[in-house]
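Data first, discussion second: the structure below is written as structure tokens.
The values are calculated or read from the model by the stated rules, or taken from the named source; none is laboratory data. These numbers were taken from a predicted model, which means no experiment stands behind them. Every residue, glycine as well, gets a Cβ built from its backbone with ideal geometry; the counts of neighbours run over all protein chains shown. Heavy atoms of the whole protein, side chains included, go into the accessibility calculation; ligands, DNA and RNA do not. Shrake-Rupley method; radii C 1.70, N 1.55, O 1.52, S 1.80 Å.
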Amino acid sequence: MSTAATCTRHLLLLLFLSSLLVHPSSSKEENCNKDDRRVLMKIKKDLDIPWTTSVECCEWGGVSCDSDVHPHRVTGIAFQYFFQRYPNSPSHFPEAIGDLPYLTEIYFRKQSNFSGSIPSSIAKLKYLTALDISWINLTGNIPDFFGQLKSLTYLRLSFNKLTGPIPSWLSQIPNLSFIDLSRNMLTGTIPASLGNLKANDQFQLYLSHNQLSGHVPDSFSGFNFFEIDLSRNMLQGDLSMLFGHNKTVLTMDFSRNMFEFDMSKLQLPKSLTHFDISHNKIYGSIPRATIDLELQFFNVSYNRLCGKIPQGGNLQTGFDYSAFFHNLCLCGAPLNVTC
């Protein structure tokens, strides 16, 4: 997830969070609903958050309110406002958050002293579009009641200690276009049902650093991923169906698995800028079409590739020998092996 597009998404998220820290609400006239304030007071007491109650709750740090669609209702909470200032304080997920009916965004991230679980009350949030619960060492399986959040478009549960399989019910969230389950301890196969998602060209899937096994589902062949990262698992088989000249994928990272297919037959998308298939069992040769790509990152090392490295593009000027070494019989610059 090192591409310019992902960095842009993360920058926008940081700008959103920063705006909440400095100006939690755009106008002092956006006084929050009295019922929402009552719920926020419960959360304040539950987590011992030092919100200043002398101002309207739409002005509290990390709280955002809507001024258009749902006037004066709380629509977003970024708990980082509190966690960044009190990083060592004990924390848990507040049960009362399910009583904020117009919430569209929850960011509950980077809390080292988290305990407990995610309350099922969150399933009541029918308008929730973005849920980020990451970097808190959350354990157990991915909660089934997340499947009731039918408005979700963005789900990040990365950098936790989640176990068990990837739930098939993810495919029942119709507009889900961003899934990040990376850096957990998930096992089993990638559900074929994920291929039923009505994903647009911006679909992003991050499953890296888990313990997933089996084959990538054939149902993914119809996907036009924007970014896909399956690195550092135990996946195997052929990935050819994910490629195609007409696809607009930007990032593909399949490194450190057991994939095995003929690279020379790949139809590389012209949009591809970040490509990593290192540490697999991939054979064949590097397609000449690679020189036509505007690559920013490229690594095919530790495979079973043969033949001459195509000359041209930035394969020689943009990458050193480490992007190509430890193959069966690759030759040519930048490797110090003559053909």
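The table below gives the values:
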item	result
So TYR154, is it aromatic (Phe, Trp, Tyr) and open to solvent by 40 Å² or more (accessible area, probe 1.4 Å)	no
Residue match in the stretch 115-124 (condition: in contact with an Asp or Glu (Cβ under 6 Å, 6 or more places away or on another chain) and part of a loop (DSSP other than H, G, I, E, B))	yes
Strands (runs of 3 or more DSSP E) wholly inside the stretch 254-319 that include at least 2 residues being closer than 18 Å to GLU227 by Cβ	274-276, 297-299
Residue list for the stretch 150-168, filter: β-branched (Val, Ile, Thr) and not in a strand (DSSP E or B)	THR153, ILE166
Residues of the stretch 290-327 that turn out to be within 26 Å of GLY237 (Cα to Cα) and either of a type outside the set (A, V, I, L, M, F, W, C) or at pLDDT below 95 (or both), as a count	12
Residue check, SER264 of a type in the set (Gly, Ala, Ser) and touching a helix residue (DSSP H, G or I) at 6+ places or on another chain (Cβ under 9 Å)	no
Given (1) under 22 Å from the mean Cα position of the chain (by Cα); (2) at pLDDT 95 or above; (3) of a type outside the set (Phe, Trp, Tyr), number of the condition GLN84 does not satisfy	(2)
Options LEU315, LEU272; residue that is of a type in the set (A, V, I, L, M, F, W, C), out of contact with any Pro (no Cβ under 6 Å at 6 or more places or on another chain) and within 30 Å of GLY214 (Cα to Cα)	LEU272
Lone unmet requirement of (1) touching a helix residue (DSSP H, G or I) at 6+ places or on another chain (Cβ under 8 Å); (2) in a strand (DSSP E or B) for SER171	(2)
Odd one out for THR273, checked against (1) touching a Ser or Thr at 6+ places or on another chain (Cβ under 7 Å); (2) without any contact (Cβ under 8 Å) to a residue 40 or more places away in the chain; (3) of a type in the set (Ser, Thr, Tyr)	(2)
Residue selected from the stretch 110-143 under the condition closer than 28 Å to PRO71 by Cβ and basic (Lys, Arg), by the criterion surrounded by the fewest Cβ atoms within 10 Å (Cβ to Cβ)	LYS126
Residues within the stretch 157-183 that are closer than 23 Å to SER115 by Cβ, among the hydroxyl-bearing types (Ser, Thr, Tyr) and surrounded by fewer than 20 Cβ atoms within 10 Å (Cβ to Cβ), tallied	1
Criterion (more than 19 Å from the chain's Cα centre (by Cα) and buried (at least 19 other Cβ atoms within 10 Å of the Cβ)) met by exactly one of SER278, SER208	SER278
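A quick yes/no check of all residues on (1) in contact (Cβ under 8 Å) with a residue 40 or more places away in the chain; (2) buried (at least 21 other Cβ atoms within 10 Å of the Cβ):
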{"residue": "PRO50", "(1), (2)": "no, no"}
{"residue": "GLU56", "(1), (2)": "no, no"}
{"residue": "ASP66", "(1), (2)": "no, no"}
{"residue": "VAL69", "(1), (2)": "no, no"}
{"residue": "VAL74", "(1), (2)": "yes, yes"}
{"residue": "ILE77", "(1), (2)": "no, yes"}
{"residue": "ARG85", "(1), (2)": "no, no"}
{"residue": "LEU100", "(1), (2)": "yes, yes"}
